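Structure record follows, encoded as structure tokens.
A short reminder: the numbers here are calculations on the coordinates, not readings from a lab. Only a predicted model underlies this, so the values are computations on that prediction, with no experimental measurement involved. Cβ placement follows ideal geometry from the backbone for every residue including glycine, while neighbour counts extend to all protein chains displayed.
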Amino acid sequence: MCIGRNRFKTSAQLFDHLAPYQQHVFGMKVFFFCQTLYLAGSKNSREDLMIVVTNQHPKNAIACYLRRWEIKCLFSALKTKGWRFEDTRVIEPKRIEKFLVLLALGFVWTHRIGEWKASVKPIVLKKLRNQKKPKNSFFRYGLDHLRDLLMNSKINIKMFRKLSNWILFNPIETVF
């Protein structure tokens, strides 16, 4: 990586001084394979270095990068871990638009059911390396619960109605 006037450094050397949970925005332009880029870096509690490379000013690069998990969760729910949107083979733009509206409503509904269920019965944590991670996302927890309600016919109709009313009549602010 070339910085300024042909001073070459590795990215690890640039961010070696960071303490855990500390961020640093490297404000100078960096030239990498003839591309003008900016760098931002951060370390987590285990001192793993995360470097974000961007062609925009890096002031908010790390915050924007961390928000990608929200989008990633949504896409995984729509594609592989829930609604299986790609399996529908819908290709007409108007139909895709309408279908995405339905999927978005379904996603919000199942996510809120998952939040409610987690407040009643917390999501089990599984151990991953030296840390604990939730076994399911709110979406998966809610989808599994909704599926169980729908598959057990008459027994759970009251619960299904209760969840529907809770979703419709409780503003999001009261959930958080």
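I'd like the orientation of helix 138-151 relative to the chain: the angle between its Cα long axis and the longest Cα principal axis, in ° from 0 to 90, rounded to 10.
Once rounded, the angle reads 20 degrees.
Return the aspartates and glutamates within reach of K132: Cα separation strictly under 20 angstrom, same-chain partners fewer than 8 residues apart disregarded; answer none if there are no such residues.
E47, D48, E70, E115
For the residues C73, C64, what sequence is obtained by ranking on other C-beta atoms within 10 Å, fewest first?
The fewest-first ordering by Cβ neighbours comes to C64, C73.
Taking the Cα atoms of segment 45-142, report the difference between the largest and smallest coordinate on each principal axis, in whole Å and largest first.
46, 43, 20
Straight-line reach from K162: which lysines have Cα under 26 Å away, leaving out those fewer than 8 places along the same chain?
Qualifying lysines at Cα under 26 Å: K81, K117, K121, K135, K154.
Normalising by the residue count of the chain, find the relative contact order in percent from Cα pairs under 8 Å and 6+ residues apart.
Computed value for the chain: 12 percent relative contact order.
Please give the calculated 222 nm ellipticity per residue for the chain, where each DSSP H segment of at least 4 residues contributes -39500 (n - 2.57) and the sum is spread over every residue; nearest 500 deg cm²/dmol?
Estimated from H runs of four or more residues: -15000 deg cm²/dmol.
Per-residue HN-Hα couplings for segment 94-110, Karplus 6.51 cos²θ - 1.76 cosθ + 1.60 at θ = phi - 60°, whole Hz, x for Gly and Pro?
With the stated coefficients, segment 94-110 comes to 5, 5, 4, 4, 5, 5, 5, 4, 5, 5, 5, 4, x, 4, 4, 4, 5 Hz.
Calculated from the structure, semi-axes √(5λ) of the Cα gyration tensor in Å equals which of (1) 36, 16, 13; (2) 49, 17, 12; (3) 43, 21, 14?
Checked against the structure: label (3).
Straight distance only, please: which lysines reach the Cα of K29 with their own Cα at less than 28 Å, same-chain residues fewer than 8 apart left out?
K9, K43, K59
I'd like the orientation of helix 157-169 relative to the chain: the angle between its Cα long axis and the longest Cα principal axis, in ° from 0 to 90, rounded to 10.
50 degrees
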